[in-house]
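Novice: One structure follows; several queries about it will come next.
The values are calculated or read from the model by the stated rules, or taken from the named source; none is laboratory data. Computed from a predicted model, the values in this text were never measured in an experiment. Methodologically, a virtual Cβ is constructed for each residue, glycine included, from the backbone with ideal geometry; neighbour enumeration extends over all protein chains shown. These accessible areas exclude ligands, DNA and RNA; they are computed on the full protein's heavy atoms, side chains included. Shrake-Rupley method; radii C 1.70, N 1.55, O 1.52, S 1.80 Å.
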There are 2 protein chains.
Amino acid sequence: VSRPARGSTPPPLRWWGWGDRDTALAEPFLALLRDELGAASEAPPECPRIEHVSLLPGALPARLRRRLVETVGGFHVRDDSEERIRHAAGRSYLDLIALRSGRVAEAPDAVVHPASDEEIQTVLRVCADADCSVMPFGGGTSVVGGVNASRDRGRPLIALALDRMDLLLDVDRSSLTATLQAGSRGPWIESELAQRGLTLGHHPQSFEYATAGGYAATRSAGQASTGYGRFDQMLSGLRMLTPTGALTVPAGPPRATGPSLLDVIAGSEGVLGVISEVTVRVRSRPRLRHYAAWSLQTFHAGAGLIRDLLQSGRAPDVVRLADAEETRASLAMARGAAARMARRYLAARGHASPCLLILGWEGDGQTVGARVRAASSTIRGAGAVALGERPAQAWLYDRFEGPYLRDALLDRGLLVETVETSAPWHEMASVRGAVVDALRASLEADGTAPLVGSHLSHAYRDGASLYFTVLARRLEGDAVGQWTRAKRAATDAIVASGGALSHHHGIGLDHAAWMTAAHGDRGIAVLRAIKKELDPAGIMNPNKLIPPE
Amino acid sequence: VSRPARGSTPPPLRWWGWGDRDTALAEPFLALLRDELGAASEAPPECPRIEHVSLLPGALPARLRRRLVETVGGFHVRDDSEERIRHAAGRSYLDLIALRSGRVAEAPDAVVHPASDEEIQTVLRVCADADCSVMPFGGGTSVVGGVNASRDRGRPLIALALDRMDLLLDVDRSSLTATLQAGSRGPWIESELAQRGLTLGHHPQSFEYATAGGYAATRSAGQASTGYGRFDQMLSGLRMLTPTGALTVPAGPPRATGPSLLDVIAGSEGVLGVISEVTVRVRSRPRLRHYAAWSLQTFHAGAGLIRDLLQSGRAPDVVRLADAEETRASLAMARGAAARMARRYLAARGHASPCLLILGWEGDGQTVGARVRAASSTIRGAGAVALGERPAQAWLYDRFEGPYLRDALLDRGLLVETVETSAPWHEMASVRGAVVDALRASLEADGTAPLVGSHLSHAYRDGASLYFTVLARRLEGDAVGQWTRAKRAATDAIVASGGALSHHHGIGLDHAAWMTAAHGDRGIAVLRAIKKELDPAGIMNPNKLIPPE
């Protein structure tokens, strides 16, 4: 058993944003925002102050509080304002808007920090007895309302924080699996595995803060999922503690023993129980990483190239194709002469609106070399212009930077949010077009014409994910309405055009209203039946994932 | 839409065995059986005659029969003895023993052959109204009691045969998916795809008769699953018709939209509804197949080699390692001089009890070449002695032959059956030892010391499947008890030693009693809750998969 040492995990998220540091925006990028969106005012507003958040006092019944204290100890039942605010919301654009403005609609009545499966099990029993809702809380990084305090009628609500459940319990070097408590965070997992010559290889953008339990609960996908697999594919076994007891899937290779209970737990987003432990498939640490970049003349050409690589057995481990709009923004963000030169060079090669492609291979020298060689003629055949390793290294270096940039953009009066889906190859163009059109139409109707960039990543033989980044001038006075309308339009477009309701962000509160459209009446009935069996009092993470009857 | 032409599917299974032809056993193999098991009597018994099967008359209520005839037409509601016997059982050893001896304990009261989703849905409604159980019946190849007529108390029972649901509905050449009706059989699927330059690459031993719906319902794995994936991984979408309506999972790449309903349907073995349609991920037909064989000095060395190949990113598409016992039997089956030479050559190289390893790679010339090269030093490093392509080609040629041989062995008074599991690498040796010991001990106690061979196949980064073949003299007068005891001992040993209850045969009637041990009380409660929601009258495939309360 390994326990995280002090300093091996990142400092807490700023209560109103991401990380614990500011990020500067490049001047060309600011110019682009000013010129095209009429946004990006000069002076960043002051840092919000937690005393300005108005919060109703917590209303945890005294008897319940006593029993929780008996279970986890008084120090681990917190109902001070700061703790409640820190566990009131995730990190979507609307979450950040609300936190920054001091408008926290709901917060849990208390935050409980158990340290063992037994303590969690008792907390669940005690809460069920008291009709108190329980919201499991891992890294708090959900961008779809997965960890927003949402009440079930007038019931009290606690957040069940998993930060004390962060042990590495076992590493099996023969089967290459690692067993982790659910609160283990990305960097800690990787640093412990690295000491043993191993890696998990799961790097979502939330990597610095997200937890193993959250990865499982949401079906997270990391940036190298094309090669390393999605988190649900990394799961060898896991345990979920429900109000009616533990549901344990023993670790092991695939089996044919009926419906997959592992796949019932994965993606359950805290509405069935608390994932307390996962066993994941790990790998030897790659000795070689080869990342390189190319420019494609069109997104269509790039998507075709990725499809060809996947379908011919030449998949790299990382694929990432930005459209012309996202590439333009990236070039503006890359300060200095290199970006200008790249633009001129590509224009001379006929790439007036280049689409940046990044491919990455990881492994030992022999396999990486062979795979890169096998892919090269396909890449050349698609008309890709090689840009070398530099732009890819820059992406790799900056790949967890998005949420920091978002804070800086919010400071400057911007709307900034992402939308994602997955689609089969034959519907990729129509899904992408439908989403971009829907976002543009909604935001133009508000007089805030946006920049909408998109990229294709997480590629499979039969399709890929599409990820959209939206930038617009924030409609002061109706920021919430502005994005709510645009998001609704985008989600309607996704569902109508055949895209998945989510590829890796999950459902939470934000997508629950579309679940019946996505899964049909029988599908939702199955989810409800499972919930009723495991959580008969309906205390787990209310209003998330499964739409109300 | 493509429809199978006459002759594109194999002739019906012999009602009492496999295929439609006899197979001769090689003399050295017969000698081995005689010498070591005291079995293999000279004269094969006569072919069983269907008139000798005693069967209670079908007891389908007249009103139900009328409604079924209204739904699918009179010609497609069959209650003659032959049709009932042909849908009374699967193809396990005990099934064959029962059929050959004319002791068919139960048969469906009628066999209904719907031709569309609408007809299936109506049949289910009509049967629910009449309290009549429904057993979905695809290829009839289950070896674990998945399609054995088993009654729910005194209720009538029909078999719902999917043989008329055999259309290829769609092929998407861009996303590389094919949509098939559930009754489509392996050879027909491959021949249709081959005409389009495609392949599914799913080749279980039951390939000639098994159906796409059965593959999905059981979580089947084909012999090339190491490269092509298990059938559940090939599934992009599917539809299950339940007594309460259709549950449809739209085809598409992976998504993060809650628990995976696809993985609730996959493996459901007909107890939740009838899988009527699947969309599967297909591939370009490989231009090159490279299969070769090696000898390993020990099973342990071979397992370590396979593990190394998988864990270093050098996995072949087919891996198959036989232990010394299985290799000895294979050599005895391979008639003639080549086998004798191989034995001598290997003995000279220090492989007194050789373990045969077959590895196969499929794809285009460039990728196959690179992958074979990348694997070669690992193979050499494990002390493998190359045997060239011939033995691997022979295996490939004979790979659907097992069930034919079984008929021939049954003719000669043998007990012949298989047992399978999967295990993590770190438990491979102990699971294998426990199962072999349990089988030996049980059969030796009956005075019928067995040959137990095993092989490792279907390899993953974290483990592999283990497959055991048991040969012994049949205990005339107590053949059922003899195998029932041995099978129980083997299954107890699997569960106790940490193996999976099944890797790819499934649960059916035969493993249902161990389901609670494998999944725990909460796991079984979830399965029951799903069943109750989709099949509230409990008419679907009674007594299979989920143990009775």
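Novice: Being open to solvent by 10 Å² or more (accessible area, probe 1.4 Å), out of contact with any Cys (no Cβ under 9 Å at 6 or more places or on another chain) and not in a loop (DSSP other than H, G, I, E, B), is that true of even one residue in the range B:143-151?
Specialist: Checked against the condition, which is being open to solvent by 10 Å² or more (accessible area, probe 1.4 Å), out of contact with any Cys (no Cβ under 9 Å at 6 or more places or on another chain) and not in a loop (DSSP other than H, G, I, E, B), the range B:143-151 yields no hits at all.
Novice: For A:Arg103, only one of the following conditions fails: (1) in contact with a Gly (Cβ under 6 Å, 6 or more places away or on another chain); (2) open to solvent by 70 Å² or more (accessible area, probe 1.4 Å); (3) closer than 22 Å to A:Gly145 by Cβ. What is its number?
Specialist: (1)
Novice: Among the listed residues B:Val123, B:Val134, identify the single one that is closer than 18 Å to B:Ser276 by Cα, at pLDDT 95 or above and in contact with a Cys (Cβ under 6 Å, 6 or more places away or on another chain).
Specialist: On inspection, the qualifying residue turns out to be B:Val134.
Novice: Right, something else. What pairs can you find where one residue is in the range A:55-68 and within 13 Å of A:Asp129 (Cβ to Cβ), the other is hydrophobic (A, V, I, L, M, F, W, C) and assigned to a helix (DSSP H, G or I), and their Cβ atoms are less than 6 Å apart, with a gap of 6+ or different chains?
Specialist: A:Arg67/A:Val126
Novice: Looking at (1) open to solvent by 10 Å² or more (accessible area, probe 1.4 Å); (2) more than 7 Å from chain A (Cβ to nearest Cβ), find the lone condition where B:Tyr291 falls short.
Specialist: If we test B:Tyr291 against (1) open to solvent by 10 Å² or more (accessible area, probe 1.4 Å); (2) more than 7 Å from chain A (Cβ to nearest Cβ), just (1) comes out false.
Novice: Return the pairs, sorted by first residue and then second, in which the second residue is of a type in the set (Ser, Thr, Tyr), the first residue lies in the range A:390-418 and is under 11 Å from A:Leu25 (Cα atoms), the beta carbons are less than 6 Å apart, and the residues are 6+ apart or on different chains.
Specialist: A:Tyr404/A:Thr23; A:Leu405/A:Thr23; A:Ala408/A:Thr23; A:Arg412/A:Ser41
Novice: Can you name the residue in the range A:214-250 that is at the interface with chain B (Cβ under 7 Å from one of its Cβ atoms) and open to solvent by 20 Å² or more (accessible area, probe 1.4 Å) and is also farthest from A:Asp398 (Cα to Cα) among such residues?
Specialist: For the range A:214-250, the residue satisfying everything is A:Thr244.
Novice: Continuing with this model, one more query. Does B:Ala472 satisfy being surrounded by fewer than 17 Cβ atoms within 10 Å (Cβ to Cβ), more than 18 Å from B:Gly145 (Cβ to Cβ) and either facing chain A (nearest Cβ under 10 Å) or at pLDDT 95 or above (or both)? Reasoning before the result, please.
Specialist: Working: surrounded by fewer than 17 Cβ atoms within 10 Å (Cβ to Cβ): no; more than 18 Å from B:Gly145 (Cβ to Cβ): yes; either facing chain A (nearest Cβ under 10 Å) or at pLDDT 95 or above (or both): yes.
Against the criterion (surrounded by fewer than 17 Cβ atoms within 10 Å (Cβ to Cβ), more than 18 Å from B:Gly145 (Cβ to Cβ) and either facing chain A (nearest Cβ under 10 Å) or at pLDDT 95 or above (or both)), B:Ala472 does not qualify.
Novice: On the basis of being more than 27 Å from B:Val480 (Cβ to Cβ) and away from every other protein chain (no Cβ under 14 Å), does B:Phe137 make the cut?
Specialist: no
Novice: Out of the residues in the range B:62-93 that are of a type in the set (Val, Ile, Thr) and out of contact with any Ser or Thr (no Cβ under 9 Å at 6 or more places or on another chain), which is least open to solvent (accessible area, probe 1.4 Å)?
Specialist: Here the answer is B:Ile85.
Novice: Testing B:Thr327 on (1) open to solvent by 30 Å² or more (accessible area, probe 1.4 Å); (2) of a type in the set (S, T, N, Q); (3) under 19 Å from B:Gly383 (Cα atoms), one condition comes back false. Which one is that?
Specialist: Looking at each condition in turn, B:Thr327 falls short on (1).
Novice: Could we say that B:Val134 is touching a Ser or Thr at 6+ places or on another chain (Cβ under 7 Å), open to solvent by less than 10 Å² (accessible area, probe 1.4 Å), β-branched (Val, Ile, Thr) and not in a helix (DSSP H, G or I) here? So that I can check it myself, show each step before the final result.
Specialist: On the way: touching a Ser or Thr at 6+ places or on another chain (Cβ under 7 Å): no; open to solvent by less than 10 Å² (accessible area, probe 1.4 Å): yes; β-branched (Val, Ile, Thr): yes; not in a helix (DSSP H, G or I): yes.
No: the conditions fail for B:Val134.
Novice: Being more than 24 Å from the chain's Cα centre (by Cα) and either within 14 Å of another protein chain (Cβ to nearest Cβ) or of a type in the set (D, E, K, R) (or both) is the filter here; which residues of the range A:441-461 pass it?
Specialist: Hits for the range A:441-461 are A:Glu444, A:Asp446.
Novice: Taking A:Glu325, is it under 26 Å from A:Leu25 (Cβ atoms) and either assigned to a strand (DSSP E or B) or in contact with a strand residue (DSSP E or B) (Cβ under 7 Å, 6 or more places away or on another chain) (or both)?
Specialist: In short, yes.
Novice: While we're looking at this one, here's another question. Being open to solvent by 20 Å² or more (accessible area, probe 1.4 Å) and not in a loop (DSSP other than H, G, I, E, B) is the filter here, so list the residues in the range B:480-501 that pass it. Full working, then the answer.
Specialist: Of all residues in the range B:480-501, those open to solvent by 20 Å² or more (accessible area, probe 1.4 Å) come to B:480, B:484-485, B:487-489, B:492, B:495-498.
B:Val480, B:Thr484, B:Arg485, B:Lys487, B:Arg488, B:Ala489, B:Asp492, B:Val495, B:Ala496, B:Ser497, listed by residue number.
Novice: Being more than 7 Å from chain B (Cβ to nearest Cβ), of a type outside the set (Asp, Glu) and touching a residue at least 40 places away in the same chain (Cβ under 8 Å) is the filter here, so list the residues in the range A:492-501 that pass it.
Specialist: A:Ala493, A:Ile494, A:Ala496, A:Ser497, A:Gly498, A:Gly499
Novice: Out of B:Ala525, B:Ala537, B:Ala513, B:Ala517, report the one residue that is of a type in the set (A, V, I, L, M, F, W, C), surrounded by fewer than 23 Cβ atoms within 10 Å (Cβ to Cβ) and touching a residue at least 60 places away in the same chain (Cβ under 8 Å).
Specialist: From the options B:Ala525, B:Ala537, B:Ala513, B:Ala517, the qualifying one is B:Ala537.
Novice: Among the residues of the range A:251-265, write down those that are closer than 17 Å to A:Glu533 by Cα and either more than 20 Å from the chain's Cα centre (by Cα) or facing chain B (nearest Cβ under 7 Å) (or both).
Specialist: Residues satisfying the conditions are A:Pro259, A:Ser260, A:Leu261, A:Leu262, A:Asp263, A:Val264.
Novice: For the range B:336-432, which strands (runs of 3 or more DSSP E) that fit wholly inside it have 1 or more residues that are within 14 Å of another protein chain (Cβ to nearest Cβ) and open to solvent by less than 10 Å² (accessible area, probe 1.4 Å)?
Specialist: Values: elements: B:355-363, B:385-388, B:414-424.
It comes to B:355-363, B:414-424.
Novice: Residue by residue through the range A:458-479, note down the ones that are in a strand (DSSP E or B) and in contact with a helix residue (DSSP H, G or I) (Cβ under 8 Å, 6 or more places away or on another chain).
Specialist: A:His458, A:Ala459, A:Tyr460, A:Gly463, A:Ala464, A:Leu466, A:Phe468, A:Thr469, A:Val470, A:Leu471, A:Ala472, A:Arg473
Novice: Separate question: Going through the range B:175-212 one residue at a time, which ones are open to solvent by less than 10 Å² (accessible area, probe 1.4 Å), under 22 Å from A:Arg461 (Cα atoms) and assigned to a helix (DSSP H, G or I)?
Specialist: B:Gly186, B:Ile189, B:Leu193, B:Ala212
Novice: Then there is this: Could you please find all residues in the range A:451-460 being surrounded by fewer than 23 Cβ atoms within 10 Å (Cβ to Cβ) and of a type outside the set (A, V, I, L, M, F, W, C)?
Specialist: Listed by number, the list holds a single entry, A:Gly453.
Novice: Please verify whether A:Ala182 is touching a residue at least 24 places away in the same chain (Cβ under 8 Å) and within 9 Å of chain B (Cβ to nearest Cβ), treating the condition exactly as stated.
Specialist: It is false that A:Ala182 is touching a residue at least 24 places away in the same chain (Cβ under 8 Å) and within 9 Å of chain B (Cβ to nearest Cβ).
Novice: If a residue has to be more than 8 Å from chain B (Cβ to nearest Cβ) and not in a loop (DSSP other than H, G, I, E, B) to count, how many in the range A:502-549 make the cut?
Specialist: Adding up the residues that qualify gives 8.
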